[in-house]
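Enquirer: Right, I'll just put the structure down here and ask away after.
The values are calculated or read from the model by the stated rules, or taken from the named source; none is laboratory data. Keep in mind it's a predicted model, so treat the numbers as computed, not measured. Positions of Cβ are backbone-derived with ideal geometry, glycine not excepted, and every protein chain shown enters the neighbour counts. With ligands, DNA and RNA removed, areas are computed over all heavy atoms of the protein, side chains included. Shrake-Rupley method; radii C 1.70, N 1.55, O 1.52, S 1.80 Å.
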Amino acid sequence: MQEVGVRQGEVSLPSPVRKSQGSELSRRLKRNKWLYVMIFPGLLYFLIFKYAPMYGLIISFQDFKPFKGIAGSEWVGFKHFERLFTEPDFFQILSNTLILFGMNLLFFFPVPIILALLLNEVRISIFKKTVQTLIYIPHFMSWVIIASISFVMLTEDGGIINEIIAYLGFEKINFLLNIDWFRPTYIIQVIWREAGWGTIIYLAAIASIDVEQYEAARMDGAGRFRQIWNITLPAIRSVIIVLLILKIGDVLELGFEHVYLLLNSMNREVAEIIDTYVFTAGLRQGQFSYSAAIGFFKSFIGLVLVMGANRLARKMGEDGVY
């Protein structure tokens with residue numbers, strides 16, 4: 001009798017089984033080789049720019065000196081984290097960040113969904129494609145261009161918005177320096193630039209819905225709004241939940257460039273957020289360990305919120321992110 005096991009307590013597979021498994025793996029790799037080639041640049045990006053820099057978080061526990069390096073810098077434990085939570089301006093900066101995030105979630109997040117639902121109802125192909133192109137274009141503009149266009153439109157000295165206000169008989173508004181107008185200006189710019197691009201995922205999800213469901217609904221006498229409420233929205237609910245979870249993970253990640261371009265000495269009270277604070281402390285003042293501690297705190301909060309939101313989604317019967 002051919003011996004399959006080698007020793008007592010050990011289980012070994014016959015060599016033909018191992019060879020078949022190896023050949024199956026090689027066939028899969030060969031069959032899907034172009035998929036792996038397409039995945040590789042994105043994987044490389046995350047390895048280089050997302051995972052490799054995590055090594056630098058070590059300096060948040062050190063009194064980092066660039067000329068000594070990480071290996072030679074003195075370890076100080078949680079000193080910088082203690083300073084972070086005792087800094088007089090920190091909670092004001094955290095409050096500004098959370099308020100802007102709340103406005104993003106409340107005003108911006110629903111807009112791509114609404115746009116996708118409206119575009120899906122358009123039956124004239126040329127008009128639909130034209131509208132899609134027009135709302136996609138701002139996404140390809142940098143925040144520098146968006147801020148420059150806003151400056152030209154909102155400035156008191158010849159800005160088109162203020163000229164219209166003056167023409168109607170009202171007093172001009174200093175949108176760029178008034179702290180009451182910073183947040184509305186910020187959220188309007190976010191909607192203008194990103195809302196159209198955000199519709200792509202929702203339109204793709206809507207396109208996967210079986211058209212027979214709409215035909216059956218029409219036969220039952222359901223109108224357009226009823227079809228959207230009872231068919232379209234439930235069908236894309238899982239996509240909305242996943243994107244909402246990912247959005248919650250970015251609670252403290254509002255984008256440095258956008259806010260920095262709107263920031264000035266007059267609106268700093270409401271405009272200073274964690275990202276701009278890290279830039280000021282880390283690069284302008286050379287407090288590398290302190291700014292690393294702030295970044296560590298921000299990433300940790302994002303991780304906790306993603307895990308919490310994902311767990312809540314799974315309890316509600318959704319798939320979640322993982």
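Enquirer: Order Glu87, Glu212 by their accessible area, 1.4 angstrom probe, all chains in place, largest first. Write down the numbers at each step before the final one.
Expert: Details: Glu87 45, Glu212 120 Å².
I get Glu212, Glu87, largest accessible area first.
Enquirer: Starting from the Cα gyration tensor of segment 257-303, take the square roots of the eigenvalues, sort them a ≥ b ≥ c, and report rounded, prolate or oblate (rounded when a/c is under 1.5, otherwise prolate if a/b is larger than b/c, else oblate).
Expert: Details: a/c = 2.59, a/b = 1.44, b/c = 1.80.
It comes out oblate by the Cα gyration axes.
Enquirer: Let me ask something else. What number comes out for accessible area per residue over segment 204-322 if the probe is 1.4 Å? Units Å², please. Each step should come with its number before you reach the end.
Expert: Values: 6700 Å² over 119 residues.
Accessible area per residue, segment 204-322: 56 Å².
Enquirer: Which of rounded, prolate, oblate describes segment 43-103, given a ≥ b ≥ c as roots of the alpha-carbon gyration tensor eigenvalues and a/c under 1.5 marking rounded, otherwise prolate only if a/b is larger than b/c?
Expert: Note, shape of segment 43-103 comes out oblate.
Enquirer: Which of the peptides 197-203, 153-159, 106-112 is most tightly packed, and how do the rest follow, going by the mean number of other Cβ atoms within 10 Å of each residue?
Expert: On the way: 197-203: 18.6, 153-159: 13.9, 106-112: 15.6.
Top to bottom by mean Cβ count within 10 Å: 197-203, 106-112, 153-159.
Enquirer: Moving on. Could you please state how large a percent of the accessible area of the chain is carbon and sulfur, counting protein chains only and using a 1.4 Å probe?
Expert: Values: 13780 of 20880 Å².
The nonpolar share, carbon plus sulfur, comes to 66 percent.
Enquirer: Something else now. Between Lys68 and Ile126, what is the label-to-label distance in nm when each label sits 7 Å out along the Cα-to-Cβ direction?
Expert: 7.1 nm
Enquirer: Next question. Can you bin segment 210-322 into rounded, prolate or oblate? Criterion: square roots of the alpha carbon gyration tensor eigenvalues sorted a ≥ b ≥ c, rounded for a/c under 1.5, prolate for a/b above b/c, oblate for the rest.
Expert: Values: a/c = 5.06, a/b = 2.33, b/c = 2.17.
Prolate shape, in that a/c is at least 1.5 and a/b is the bigger ratio.
Enquirer: Would you check the chain for Lys pairs whose C-alpha atoms are within less than 27 Å, ignoring same-chain pairs closer than 8 in sequence, and give me the count?
Expert: Lysine pairs satisfying the spacing and distance rule in the chain number 16.
Enquirer: Using Cα-Cα distances under 8 Å and only pairs 6 or more residues apart, what relative contact order does the chain have, in percent? Numbers along the way, then the final one.
Expert: Working: 272 pairs, mean separation 72.6, N = 322.
Reported as a whole number, the value is 23 percent.
Enquirer: When the Cα centres of segment 256-322 and segment 146-193 are compared, how far apart do they sit, in Å?
Expert: That distance is 27 Å.
Enquirer: Once you've got the GNM for the chain with C-alpha springs shorter than 10 Å, pick whichever of Val152, Val306, Val211 has the biggest mean-square fluctuation.
Expert: Result for the chain, Cα springs under 10 Å: Val211 fluctuates most.
Enquirer: Further question: May I ask you to rank Arg183, Arg237, Arg268 by accessible area, largest first, using a 1.4 Å probe over the protein chains only? Intermediate results must be reported in sequence, preceding the final value.
Expert: Working: Arg183 50, Arg237 130, Arg268 100 Å².
Most to least solvent-accessible, the answer reads Arg237, Arg268, Arg183.
Enquirer: Per-residue ellipticity at 222 nm for the chain, helices alone: DSSP H runs ≥ 4 residues times -39500 (n - 2.57), over residue total, nearest 500 deg cm²/dmol? Before the final figure, lay out each step's value.
Expert: Details: 17 runs with 201 residues, N = 322.
Taking each H run of at least 4 residues, the total per residue is -19500 deg cm²/dmol.
Enquirer: Give the peptides 51-62, 163-174 in descending order of average Cβ contacts within 10 Å, highest first. Let's see the in-between values first.
Expert: Numbers: 51-62: 14.7, 163-174: 11.2.
Top of the packing list down: 51-62, 163-174.
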